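To start, the structure itself, in structure tokens.
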Amino acid sequence: MATLGDIGVSALINILSAFAFLLAFALLRIQPINDRVYFPKWYINGERGSPRSRGNLVSKFVNLDFKTYLTFLNWMPQAMRMTEPQIISRAGLDSAVFLRIYILGLKVFVPITIIALLLLIPVNVSDGTLSFLKKDLVTSDIDKLSISNVRPKSVRFFVHIGLEYLFTFWTCFLLYKEYGYVASMRLNFLASPRRRAEQFTVVVRNVPHISGRSPSDTVDRFFQTNHPDHYLCHQAVYNANKFAKFARKRDRLQNWLDYNQLKFERHPDKKRTRKKGFMGLWGERVDSIEYYKQQIKDLDRRMTLERQNIIKDTKSILPVTFVSFNSRWGAAVCAQTQQSKNPTLWLTNWAPEPRDVYWRNLAIPFVSLSIRKLVISISVFALVFFYMIPIAFVQSLANLEGLERVAPFLRPVIELSFIKSFLQGFLPGLALKIFLYILPTVLMIMSKIEGHIALSTLERRTAAKYYYFMLVNVFLGSIVTGTAFQQLDAFLHQSATE
């Protein structure tokens, strides 16, 4: 069982790791090669120029100004002095809200920690119940600081109950205030003069097929009838997988063309060439810039033909459309109301931002969506509650006794004081992190199967699943099973006379 020394070693490792990452960030951000990575908004707004445009070859990659290494942490006070409007203009509203989450955590936990240290720990330590139960239970010094050290029916429990109500009220009060503030920030951001297309657009799924009419005529007539005052236009969605493949290939070719043109502008005397064969490994050597220009020209011709074929083919039109309105009010009414007597047709939702659309899920039928959600809900339940079995097994091995039973040849090394403290303080968390490493990918795949149409929704649903998993398995499972295995082992090896 972990002791105060083991927890201290674990805390020291985590603090040193955090400081090392902070130091690495501070050093990497001042390197010219990383300048665009750490200051993208400044480049977009034209407020910063590239430091790689001047100096010798080495200075384009490594910062040779040693004075900056003495003041490489100067960004911290500057960042702390930034106002909220500046943060929103530089990094966006999401970044400002994200920072407020950390501030909210400090407001909640700092007072709670101070009160708990000043009141709860003296109350728990002064009872000393565990001192009389050492023969019956496996305990450590850290348990004497917890509520388990208070005897049953003790008056000291009223201190815990009172502080529990106080902590709950304090947390709910801060959450209420913060929610109101963030809601006002969001409304002010939406009411800003800048207008975006998705604010006036609704995505409509499960558009019915009516014989004798084209899908475009069906959508146009339906919304002109039901939303005559606000309906503006619509855009059908096509099955253009082949066209999308051409578009991705064109983007890659354009990147190579931009790269070679940039190299040529920096060194006009050096001609850029490549071979025409597969991946430039063999074939006739030609001018790289002319080669990529010709490749893009040929691909543009093929993309034009493919686009015409898609538009002419009515079978390529999917039962999905993006409908635009001339006011936010019209879009809001359409997005939040049922459009047909049949609840499986004309399904409306707010349209995601164009870059946020997950195109593969747009045309999933309503029945399939319902089945997918049911299957994924059952799968998530099974994953959350049955994932505890391997975690319980790993946590049992993470105890030194379990590790020595599995690998007895490691006993001389494990018994060393520093190694023992390191393993007891760090090994259980490390074993758990290995299991959790693949979890976000699995949950993201589940969310995609569930049928959500926006990448941000996929991330949000994945985060919700991850939260439930962490709550059940990490917070409850890791703590409960880790202690339960030790108590069970003590009871099994206890003699009948004790």
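Please treat every number below as a calculation from the coordinates, not as lab data. Nothing here was measured: the structure is a model prediction, and the numbers come from that model. Note: ideal-geometry Cβ built from the backbone for every residue, glycine included; neighbour counts use all protein chains shown.
Let me test this: with uniform point scatterers at the alpha carbons of the range 1-81, what is the Debye-based log₁₀ I(q)/I(0) at q = 0.13 1/Å?
Debye output, listed in q order: -0.57.
Could you list TRP256, TRP170 so that the one with the fewest beta carbons within 10 Å of its beta carbon is first and the one with the most is last? Mind showing how you got there, number by number?
Working: TRP256 18, TRP170 15.
The most exposed by this proxy come first: TRP170, TRP256.
Counting pairs of alpha carbon atoms under 8 Å apart in space and at least six apart in sequence, what relative contact order in percent does the range 1-81 give?
On the way: 37 pairs, mean separation 22.2, N = 81.
Here the relative contact order equals 27 percent.
Which trypsin sites (Lys or Arg not before Pro) in the range 299-348 sit in a loop by DSSP (not H, G, I, E or B) and have at most 15 other Cβ atoms within 10 Å of their own Cβ?
On the way: sites: ARG301, ARG302, ARG307, LYS312, LYS315, ARG328, LYS341; in loops: LYS341.
Answer in residue order: LYS341.
Give me ASP269, ASP251, ASP287 ranked fewest to most by other Cβ atoms within 10 Å of their Cβ, as a rough exposure proxy.
On the way: ASP269 5, ASP251 10, ASP287 15.
So the ranking, lowest neighbour count to highest, is ASP269, ASP251, ASP287.
Along the Cα→Cβ direction, 7 angstrom out, place labels at GLU265 and LYS373. What is the inter-label distance in nm?
A separation of 5.1 nm, rounded to one decimal place.
How large is the translational diffusion coefficient of the range 196-351 in µm² per second when you combine the Kirkwood radius over alpha carbon pairs with Stokes-Einstein at 4 °C and 1.567 mPa s?
Values: Rh = 19.1 Å.
Reported coefficient: 68 µm²/s.
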